[in-house]
1. Just name the residue that is surrounded by the fewest Cβ atoms within 10 Å (Cβ to Cβ) out of those in segment 327-359 that are over 18 Å from ILE315 (Cα atoms) and among the acidic types (Asp, Glu).
2. Would you say ARG101 is under 17 Å from the mean Cα position of the chain (by Cα) and either closer than 19 Å to SER196 by Cα or in contact (Cβ under 8 Å) with a residue 12 or more places away in the chain (or both)?
3. How many residues does segment 267-308 contain that are within 29 Å of GLY231 (Cβ to Cβ) and surrounded by 14 or more Cβ atoms within 10 Å (Cβ to Cβ)?
4. Mind checking whether some residue in segment 341-350 is under 30 Å from GLN81 (Cβ atoms) and part of a strand (DSSP E or B)?
5. May I ask you to list pairs of residues, at least six apart or on different chains, whose Cβ atoms are under 6 Å apart, with the first in segment 376-390 being assigned to a loop (DSSP other than H, G, I, E, B) and the second being open to solvent by 70 Å² or more (accessible area, probe 1.4 Å)?
6. Provide a single number: the residues in segment 405-439 that are of a type in the set (D, E, K, R), under 15 Å from PRO323 (Cα atoms) and open to solvent by less than 60 Å² (accessible area, probe 1.4 Å).
7. Applying the selection to segment 75-128, what residues are open to solvent by 70 Å² or more (accessible area, probe 1.4 Å), within 30 Å of TRP11 (Cβ to Cβ) and either at pLDDT 90 or above or out of contact with any helix residue (DSSP H, G or I) (no Cβ under 8 Å at 6 or more places or on another chain) (or both)?
8. For HIS151, only one of the following conditions fails: (1) over 29 Å from TRP11 (Cβ atoms); (2) of a type outside the set (A, V, I, L, M); (3) open to solvent by less than 60 Å² (accessible area, probe 1.4 Å). What is its number?
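The values are calculated or read from the model by the stated rules, or taken from the named source; none is laboratory data. Keep in mind that this is a model prediction, so the values were computed, not measured. Virtual Cβ from ideal backbone geometry, glycine too; neighbours counted across all protein chains shown. Just so you know, the surface numbers come from the protein's heavy atoms only, side chains and all, with ligands and any DNA or RNA stripped out. Shrake-Rupley method; radii C 1.70, N 1.55, O 1.52, S 1.80 Å.
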Amino acid sequence: MSRLARSAMLWCGAYLLLALLPLGIAVAIRPDEVREFGAELGAFLGFLALGVLACQAVISGRHRWFAESVGHDNILQFHRQTGIFALILVLAHPLVMLATRPAWIEYLDPREDTLRAITLILLLLAMLVLVASSLWRTRFGLSYEWWRALHGGLTLFVVAGGLGHAVMVQHYTQGVITTLALGALVCLSLLLVVESRLLRPWRLRQRPWKVVANEPERGDAATLTLEAAGGHRLDFAPGQFFWITVGETPFSLQQHPFSVASSSTDGKRFAFTAKRLGDFTNRLPDVTPGTRAFVEGPYGAFVPEPDNASGAVLIAGGIGVTPIMSILRSLRDQGDTRPLWLLYANKTWEDATFRDELSELEQTLDLDVIHVISDPEPEWSGERGKIDDALVRRRLPPDDGRREYFICGPEPLMDAAERALLKLGASPTRIYSDRFDIV
């Protein structure tokens, strides 16, 4: 079993335990009133929703102690799916109970209890906005910074409001011990939100960095080099990424993830490369040396095994080559001799960032670089089109049961590459994907 599979099984078990705790607390209570099956089912759906929502703060807060080895991409996809599942539970909870006892509609009637009714309606609306804004942020025209603030605020409101609702109903929360146990569990998740949004930036204030170089790159990109402004350092593995805030304070909505592009041999200095793709990255070429920055991390499991003689296949699209450059540069500095294959897809030859350095790396590493151009000039003699099953079978060696596969780039490319590798015989547990579209 691979390290990824072992970690996934361990943390899935931990997640299930945490998510089921509120329901377990409820089941342990034996209320005096005997209710219909539908009423009890609806109540249990509510407790399960509360547990899943509380766990969202754990799996999305970039806590190094939770599931770090599983990989940020996998955690992100899991977070999205469990968020949708939580919404289904939140909606099913009142629908099942109202179908059992229609008279309970008074809970939503402002004439009966205005504060209670408005709170419950706002909780349902907040949950809908929370999920919809996460799934369709760009369609709504929300910038990443404002979405992040909205997401954090709605999460606090929904989890705290859900706890208040469960305690006030009191059917399964009678008694001080039960209320305290349920409150402690949910408040722990709220404290994790506070830790990630307030306490963590406060600690970062003591560990500033500064931009020491900003160089333009082919493909409308720029490479920023950062250096520790003090005695601190950040050791990282090749292929990992940092959350970076550029400015005078870490208390900013402007915090973005960037894969490290430089070698992992120097913990006091690193570089990242970004293409002009949005509001924030459009401004990166204008960042001047001396600009202050704050760095949180490292994160990610997009990291090759230290001693894998079978080597690795690397697949990149456009600026998705940046974490792969960190891997290649680190292996070069370490004198690594494992076999490596890089499928590098771009629209045009001029878009191929680092193409000159990749040619040099072919001379120092056991590396075969295969450029794939989708819109080539007439004189182009290399691979044309997109990365697909036929290209993978033609240019890559058969899977040997140990080789690792690393993919980073636009989502369509990654989906196509994953399908092609599975058809090649690669195990899903040896395929590592790094999707740079965080939200």
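1. GLU350
2. So ARG101 does not fit the description; no.
3. Of the residues in segment 267-308, 22 are within 29 Å of GLY231 (Cβ to Cβ) and surrounded by 14 or more Cβ atoms within 10 Å (Cβ to Cβ).
4. yes
5. Matching pairs, first to second residue: PRO376/ARG384.
6. The number of residues fulfilling the criteria is 2.
7. Of everything in segment 75-128, those that are open to solvent by 70 Å² or more (accessible area, probe 1.4 Å), within 30 Å of TRP11 (Cβ to Cβ) and either at pLDDT 90 or above or out of contact with any helix residue (DSSP H, G or I) (no Cβ under 8 Å at 6 or more places or on another chain) (or both) turn out to be GLN81, PHE85, ILE88, LEU128.
8. (1)
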